[in-house]
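S.K.: The structure under discussion is supplied below as structure tokens; questions concerning it will follow.
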Amino acid sequence: MHIMENERLPRRVQVLVAGGGPVGLAAAVELGRRGVDCLVVEPRSTVSRARPRCKTLNVRTMEHLRRWGLADRLRQRAPLPTSWSQDVVFCTSLAGHELSRFTGVLGLVPEGDRFAETGQQAPQYVLEELLREAVGELAGCRLVLGSRVVAVDQDDDLVTVTVEDGSGNRSVVTADYVIGCDGPRSTVRDQIGSRYVGEQALRPNFGFVFESPGLWDHVRHGPAVQYWVVNAAAPALVGPLDRTGTWWAIAYGVDRETGERTALDVIEGVAGRPVEARVLSTDPWTARMQIVDRMRNGRVFLAGDAAHLNPPFGGHGLNTGLGDAVDLGWKLAAVLAGWGGPELLDSYEAERRPVQERVISEATANMRVLSTELLADGLDQDDQAGADARQAAAARIQETKKAEFHSLELVLGLRIAASPILPGEDATARGPLVGARLPHAFLPDGRSLYDVLGEHLTLLVRGHGGEEQPFLDAARARGVPLTVVHLASSADRDYAGLPGARLALVRPDQVVGWLGEEAPKDAPALIDTLSGHTRAGAAHDHRPAGNGILDR
């Protein structure tokens, strides 16, 4: 393991990551798997289980974990297997009337070839502990615990970072690049003069974790990953952390002082009857809809909560941050390896900001209707008036909340409309799939199409091939690693993911960079664009590119 606590730090690294939460650790995994020398600096010595925070790992996050060889390990540790439940229930209380439900939520159910991995419900600490282990298993990665970044200074060539341990001792580390993943109170963000822009909700919320082993005895609605409780005594959102009696809850409109005084009353209101319970931890919060005015200053970048904040409804926050880490990780690695040009780093904010803005917008829309907005008279009455009230509530729930729980179009359908490393500024001219996630398929041998992609650029060739040589020549001349994958004719049977195209160039993040029926007239220009170089004056490292042809 390469985990250090208050030990002597290295004087020099390629990338220093400030903050070892899930986003910082994900950035280190992406970098370390690509051979980058990386140091993660994290103030917390241990991962706290008191505040589970994010509990939804979406399909796209699980596809990245699969690429890192970690998806199965994560599922083995998740307290709630996907088979246990894929439902969200709205009810007057856990022991009361059901109002409505959504099934097959949050990507927890397979949909044929649509994705390589289903989503997974897991407390944030499960992911964080796994990623700490994964960083420790990578030769080039080091994780220093109990220390924090307190100052960042840079010139044209290097970043100088001051790190302080728990005793106040300071060390200086120089790095080629720094990634600030140090959360909402980011020191790195302050040091580069970046600031949040946006809004903050007025209504407080009181999050807490409690233990009530007997609560399951009173749940009338069967297993669910979330229960939205709609009653005047305790309008709240609650869900299980495990199957043995540990729960998380959010009491809407409740401030810290009130929540700490009345948490047990909220639990009884949620349950719908008196229950034995013990509060384990509290986490008051207020929703923020904010994004920084800039995510980069020279050699310093921001990712995750240090760059953007959104309401938790829909479960997009951590997943978006992990997407930041993947995007920036492969691009930094390419530049440090010598085959990536400056436009790769310029593309980080150009590609991620529209995603972050869309996620903030969707999460804000989800927040407009919570349990407090669904309150109505008579919902718990056992008469016709009660039945009518519940029917009206169910109609409103289905109308207003479906997008929150069935959001695969947002998770999988995001497309980069414009980027300096994608061909053509006119989106219509380059086709609807360029800039989008490569459509997924399972191959005849059961493997995912994603499993056969190379670590760098990949040329997919459908059918008999013979068109790959111009790409290989251009990539080799520019030192760009390119893997050619011939999809066997049996794998090509009904694959409609790339309509009208026998050739596809795929980026390291599984995004389609180019499509065509035949090689372009200027393959070098295309390789230049995808690798972040301009044709004029581009400096290339002509080291061996490691290009190869694989029949997969």
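S.K.: Can you put K55, K521, K402 in order, fewest other beta carbons within 10 Å first? Intermediate values should be presented prior to the final figure.
M.R.: Working: K55 24, K521 8, K402 12.
Lowest to highest Cβ neighbour count: K521, K402, K55.
S.K.: Would you mind ranking F208, F442 by Cβ crowding within 10 Å, fewest neighbours first?
M.R.: F442, F208
S.K.: Sort V279, V144 so the one with the fewest other Cβ atoms within 10 Å of its own Cβ comes first.
M.R.: In order of increasing Cβ crowding within 10 Å: V279, V144.
S.K.: With each label point set 7 Å from Cα along the Cα-Cβ vector, what nm distance links R243 and A436?
M.R.: 3.8 nm
S.K.: Continuing with this model, one more query. Among DSSP beta bridges whose residues both lie in the chain, state the antiparallel percentage, nearest 5.
M.R.: Around 65 percent of the beta bridges assigned by DSSP in the chain are antiparallel ones.
S.K.: If you only keep lysine pairs separated by 8 or more in sequence, or across chains, how many in the chain come under 30 Å at the Cα atoms? Before the final figure, lay out each step's value.
M.R.: Details: K55/K331; K55/K401; K55/K402; K331/K521.
The number of close lysine pairs in the chain is 4.
S.K.: Quickly estimate the mean residue ellipticity at 222 nm for the chain, helices only: each DSSP H run with n ≥ 4 gives -39500 (n - 2.57), and the total goes over all residues, rounded to 500. Before the final figure, lay out each step's value.
M.R.: Values: 13 runs with 159 residues, N = 552.
So the calculated ellipticity at 222 nm is -9000 deg cm²/dmol.
S.K.: If you take every DSSP beta bridge whose two residues both sit in the range 169-319, what share of them, in percent to the nearest 5, is antiparallel?
M.R.: 90 percent
S.K.: Using only the alpha carbons, work out the radius of gyration and Dmax of the range 123-237 in angstrom.
M.R.: Reported Rg and Dmax, both Å: 21.6, 63.
S.K.: I want to check the label-to-label distance for L375 and E276. Put each point 7 Å from Cα in the C-beta direction and report it in nm to one decimal.
M.R.: About 3.2 nm separates the two model spin labels.
S.K.: Same structure, new question: (1) 50, 30, 21; (2) 37, 27, 24; (3) 42, 29, 20: which one is semi-axes √(5λ) of the Cα gyration tensor in Å as calculated from this entry?
M.R.: Matching the structure shown: (3).
Values quoted throughout were computed directly from the atomic coordinates according to the rules given, and no laboratory measurement underlies them. Values in this document were obtained by computation on a predicted structure and should not be read as measured data. Neighbour counts run over all protein chains shown; Cβ positions are idealised from the backbone, glycine included.
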